[in-house]
1. Could you please tell me which pairs satisfy a Cβ distance under 9 Å, a separation of 6+ or placement on different chains, a first residue in region 23-44 that is within 24 Å of Ala62 (Cβ to Cβ), and a second residue that is surrounded by 12 or more Cβ atoms within 10 Å (Cβ to Cβ) and of a type in the set (Gly, Ala, Ser)?
2. Write out, first by first residue and then by second, each pair whose Cβ atoms fall under 6 Å of each other, whose residues are 6+ apart or on separate chains, and whose first residue, in region 58-83, is without any contact (Cβ under 8 Å) to a residue 12 or more places away in the chain while the second is in a helix (DSSP H, G or I) and not charged (D, E, K, R).
3. Could you tell me whether region 18-37 includes any residue that is at pLDDT below 95, within 14 Å of the chain's Cα centre (by Cα) and charged (D, E, K, R)?
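The values are calculated or read from the model by the stated rules, or taken from the named source; none is laboratory data. Since this is a predicted model, take the numbers as computed values, not measurements. Every residue, glycine as well, gets a Cβ built from its backbone with ideal geometry; the counts of neighbours run over all protein chains shown.
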Amino acid sequence: MTDCAINENDMARYVRKALKEYFRDLDGENPCCNMYDMVMDCVEKPLLEMVLEHVGGNQTRAADTLGINRNTLRKKMQQHGIE
């Protein structure tokens, strides 16, 4: 349980850092209009790839690990070009 909390804190810290750099790099410009989708797309693909790698490519186990339906996983894999 503690490991999960530490990992969640680490992930939140990385996301905050990346967003801080994103806003800094805008140099006064307005951020994109659909920032939520942009961030989710950036995070979702490596999440899917790493979970699939962790479970040896087993989509059923990956879906269980992610807490999503296997068909949802397959749809997301297709959206991100993951084979």
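1. Pairs that qualify, where the first residue is within 24 Å of Ala62 (Cβ to Cβ) and the partner is surrounded by 12 or more Cβ atoms within 10 Å (Cβ to Cβ) and of a type in the set (Gly, Ala, Ser), are Val39/Ala18; Cys42/Ala18.
2. As it stands, the answer is Ala63/Leu73; Arg70/Gln59; Arg70/Thr60; Arg70/Ala63, since those pairs meet every condition given.
3. Yes: one or more hits.
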